[in-house]
Each structure stands twice: as C-alpha cells, then as structure tokens.
Amino acid sequence: MAVDNQLLIPDVWDDKWNELFLAYQSDLRHAYYLNALLDSKYTILELAAGSFRDMAFLNQLGYDCHGCDFSFNSVIKAQNHFSHLSKKIFHADAERLESFNKTYDVTYHNGFWVLFDDDNKIYDLYTVQKKITNKFLIITVHNGHNKEFKNYFLEKRKFDNLYAIRFFEIEEMLKILNLTYSEVSIYPVGKGKKANEDLLFIEGNTNKTAMSHYLRANNFNYLESSERLMFQIFV
Ligand SMILES: C[S@@+](CC[C@H](N)C(=O)[O-])C[C@H]1O[C@@H](n2cnc3c(N)ncnc32)[C@H](O)[C@@H]1O
C-alpha cells in the first residue's frame, strides 16, 4: 500500500498536530517498551517525535532524553505542554543532523519510516541516524506480518491519510538496511492494550524485569498479532 506523500510535508504535520497533539498523549506504550531496553546512564534522542509523549515520559522515569521533529507546530506545542523540558525539545529535520555527530548513546523513532515508500531514502535516513549514535538505534515501524492490523489501516485510509502509511515485514527491512538477522534484535510489540506487555502498561508497571519477560529479542511467538516491530541495531 502506497504512502500518501502529503505526509512528507512539514506544514501538513503542523495542521495534524493541532488536532492530534493532546489525543496522542495518553498512549505511552512505546515508552514502556523502550524503558526495558535503556540504561539510566544513556543520553537519548527521539527523532520525528511529534507529540513528544515518549521523550517526556522517559524523562519522568529519570532518563536524559531529548526530542526533535521537523514540524515547527509540534515543537512549539511540546515546548508549551512540557515546559519543564523545553530546552530538550527542538526543531530538526531527520535528514539533516550532521551537527550532532555521535552526540547520543541511543536514538529512536516510532512511526517515522512508515512515511517513506522509497527504500533508498530510508537507507539514507538510517545512515544519518547511525552517524549521531554511539550505542544503538531503535526503529519502530508498523508490522506487515499482522494482516488484521494492516487491513484496518486499509479501511481507515479511505477517509484519513494519517493511515496511508507503509507496513514492513522483517525480511523487507533487513534487505533495505543491508543487514542479517544476526546483526539486529527484533521485538514484535503492541497487543492492542489487551495482552502481554500491554497489560503492564495498563497497570503502570515500569518494572524492567517484568517488561523483559515479554520483550525477548527475536521471540516471534506473537509476530502475527503484534502491531509494531521494534528493530534494535547496534552501531
Ligand atoms: C506518526 S508521527 C510520529 C509520532 C510520534 N512517534 C509520537 O509518539 O507522537 C510522524 C512524525 O514524523 C515527523 N516527520 C516527518 N518527516 C520528518 C523529517 N524529515 N524529519 C523530522 N521529522 C519528520 C512528522 O512531523 C510527524 O511528527
């Protein structure tokens, strides 16, 4: 399913964040998943942060996490909403991050590469992200192995281009990045707030050991019922 190219325009996201910014704040599942993989000593950057909900929650948990996006509106909204973090929130295009050479231990994004049909563009984004990262990258995308979730988006996209995004299968991602299974850790995550790791989120359980019980690298028992794939790539 082709991506709607409108989603590559900052002004389009400026408008979207007027509607979505507050609504997005309530779902912190991705930040809970990240918490299982992070160390409190790491410096962290979220790219294409949008609502900035994950970076804000990670700071609440005690991490030093910064966030950026190319939508000026999202940045301003986040600086106002999370005023205590305003110095950690900034405008940046993920294609142009040269000035941050190896600044962060960990960089991550969620629902960003799903905006790109062009595999070469994704590889370029990956190359830029690696240059600013010391330890590992986390790349979270919509899971193409979950046919039900994919079909839901196919229906929704008829009325809302927010759903006109790309889903990825594991082999497809490895091919784009020119990587093998042994070079990445893959975590299928997101059970619709109904099971496994998503129940910890409902309980507000940020305990890493509990989350690690579900987030085991390359455990594909729930591949077809997980909403997203988190790829952890060490540099
Ligand atoms: C689906 S949203 C991400 C939502 C985010 N993970 C969250 O939790 O709110 C995609 C984001 O990518 C941003 N974006 C798109 N292209 C970008 C680019 N080249 N550089 C930086 N951000 C970009 C958009 O502004 C938008 O905020």
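The table below gives the values:
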read-out	value
Potential lengthening between LEU8 and LEU61 on full extension [0.36 nm per residue; Cα-Cα distance subtracted]	15.9 nm
Region 1-69: relative contact order as a whole-number percent, Cα under 8 Å and 6+ apart	29 percent
Inter-centroid distance (Cα atoms) of region 166-210 relative to region 32-67, Å	16 Å
Unit charges on C-beta of K, R, D, E only; dipole of the chain, Debye	520 debye
Out-of-range pairs (alpha-carbon distance over 28 Å; input LYS156/LYS193; LYS41/LYS150; LYS87/LYS131)	LYS41/LYS150
Under the Karplus curve 6.51 cos²θ - 1.76 cosθ + 1.60, θ = phi - 60°, whole-Hz ³J(HN,Hα) for region 213-219, x wherever Gly or Pro sits	4, 8, 8, 9, 4, 6, 9
Range in the chain, longest, excluding exposed GluC sites (Glu not before Pro) [loop by DSSP; at most 15 other beta-carbon atoms within 10 Å]	1-94
Sparse-neighbour loop sites [trypsin sites (Lys or Arg not before Pro); region 21-84; at most 12 other C-beta within 10 Å; DSSP]	LYS41
Cleavage-rule hits (trypsin sites (Lys or Arg not before Pro)) in region 203-235: DSSP loop, at most 14 neighbouring Cβ within 10 angstrom	ARG216
Mean separation of Cα contacts under 8 Å (6+ apart) over length of region 83-235, as relative contact order %	28 percent
DSSP-loop chymotrypsin sites (Phe, Trp or Tyr not before Pro) across region 95-203, with at most 13 other Cβ within 10 angstrom	PHE159
Rough spin-label spacing in nm, given labels placed 7 Å along Cα→Cβ, for THR127 and ARG96	1.8 nm
Burial ordering of THR209, THR140, fewest other beta-carbon atoms within 10 Å first	THR209, THR140
Label-point gap, in nm, between TYR152 and PHE234 - each point 7 angstrom along Cα→Cβ	3.4 nm
Theoretical ellipticity at 222 nm over the chain - DSSP helices of four or more residues, -39500 (n - 2.57) apiece, nearest 500	-10500 deg cm²/dmol
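Every number here is computed from the coordinates shown, using simple stated rules; none is lab data. Since this is a predicted model, take the numbers as computed values, not measurements. Every residue, glycine among them, receives a Cβ derived from its backbone with ideal geometry; neighbour counts consider all protein chains shown.
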